[in-house]
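Each reported figure results from applying straightforward, stated rules to the coordinates on display, with no laboratory input. Everything quoted here is computed from the prediction, not taken from an experiment. Backbone-built Cβ (ideal geometry, glycine too); neighbour counts: all protein chains shown.
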């Protein structure tokens, strides 16, 4: 293919979309990611983190295109292909709709809106592997790709469960139908949850290519710094967020939504804070429960000990992790959260509810602990235990535990699979 992307737009506007080959090597594999997000925007979440990592670590023999949304239609206008760089990776980007604030729930579900708009685009992609990270876009897709690969992030049963913020929970049978039709269109289905993969393998026993896929972290961003660097990071981060330099910090990072259960995090912290006067809670993220959280904090009379940091870039999140003492997770459900890898890579132990793969991602009692009950008292006691024994040896153990999940290592198997199914140039 050389430097020319094989995608040929026939609807809604004809012509061939631009592509570049300024990475030197001859491009032999064309990859198209289809997901409603803007890589240069502010969307936070595990799926978006994984896609960004995939783009950042694209091999030399691959060329990435992305059909997504735009948060800045002046720079990235709707309906127009743009040649852009994501870090050092050249990307051909086509936003098909505008999303002013991707971290707030719109009246019309984003995935429904995006999938219906995607339906209008009939692209001829005879030499392209299309990567989908939700079932809805694949179900609606009219893209004639060489092959489709579907990622399901977490246990799919939770999508229609009681703690899901996704509206599919109101029509579970319809979701299962869409899921089944999407799986029929995929040559591989990767599930980011062992239990979820086992469930899917049993439910769709006639399909052989459903398997577990682990998450990974970017070691260039999330790492345990040397002492001199850590001292500088701590000083700068405390000044940046106007934090108390004598405090110990508990970090909660994620979307402020029902799945992440941030109210339980506040209740857990309140119980711990009643026993130790120097601990403070850092909240990194945003979401629809922000107002309820503010009311809860006021009720607990902890306004001076809880800090909203807003949504953070990966680099800023890594710095906040490095100055924190414990990561607190109170989710109702998870898959294999990248956040746990990132925290441990920065030397931060994890205290969490027992959900998803977290139990297998930590060394219990050393790099973290899971708590079976959704009980603030039980979580607070474990939290206090880790606060009181934070040391350099523990940080080193955390970093070692994360090391096998470096993103280059994790993505290696994915790209090998892609090379096997990619059509000959």
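The figures follow:
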quantity	calculated
Cα extents of the chain along the three principal axes, largest first (Å)	65, 49, 40
Listed peptides 409-418, 324-333 by packing density, highest first (mean Cβ within 10 Å)	324-333, 409-418
Chain lengthening between residue 236 and residue 299 when straightened (0.36 nm per residue, less Cα-Cα)	19.5 nm
Label-point separation in nm, residue 315 to residue 246, each point 7 Å along Cα→Cβ	3.3 nm
Cα→Cβ-extended label distance, 7 Å offset, between residue 377 and residue 390, nm	2.6 nm
Most fluctuating residue given options 314, 225, 277, as computed from a GNM of the chain linking Cα atoms under 10 Å	277
Cα centroid of the stretch 104-150 to Cα centroid of the stretch 269-335, whole Å	35 Å
Percent antiparallel among DSSP beta bridges (both partners in the stretch 51-93, rounded to 5)	60 percent
Residues of the stretch 352-388 with amide N under 14 Å of a point placed 7 Å along Cα→Cβ from residue 288	none
In degrees, nearest ten, helix 314-323 long axis to first principal axis of the chain (Cα)	20 degrees
Fraction of beta bridges assigned by DSSP in the chain that are antiparallel (%, nearest 5)	15 percent
Tensor-based shape of the stretch 96-228 (alpha-carbon gyration tensor, a/c under 1.5 rounded, otherwise prolate or oblate)	rounded
Segment residue 420-residue 74, length gained on full extension (0.36 nm per residue, minus Cα span)	120.7 nm
Ellipticity estimate at 222 nm from DSSP helix runs (n ≥ 4, -39,500 (n - 2.57)) divided over the chain, nearest 500	-10000 deg cm²/dmol
Potential extension, residue 354-residue 177 segment - 0.36 nm per residue separation minus Cα distance	60.7 nm
Cα shape, the stretch 227-404, gyration tensor, a/c 1.5 rule	rounded
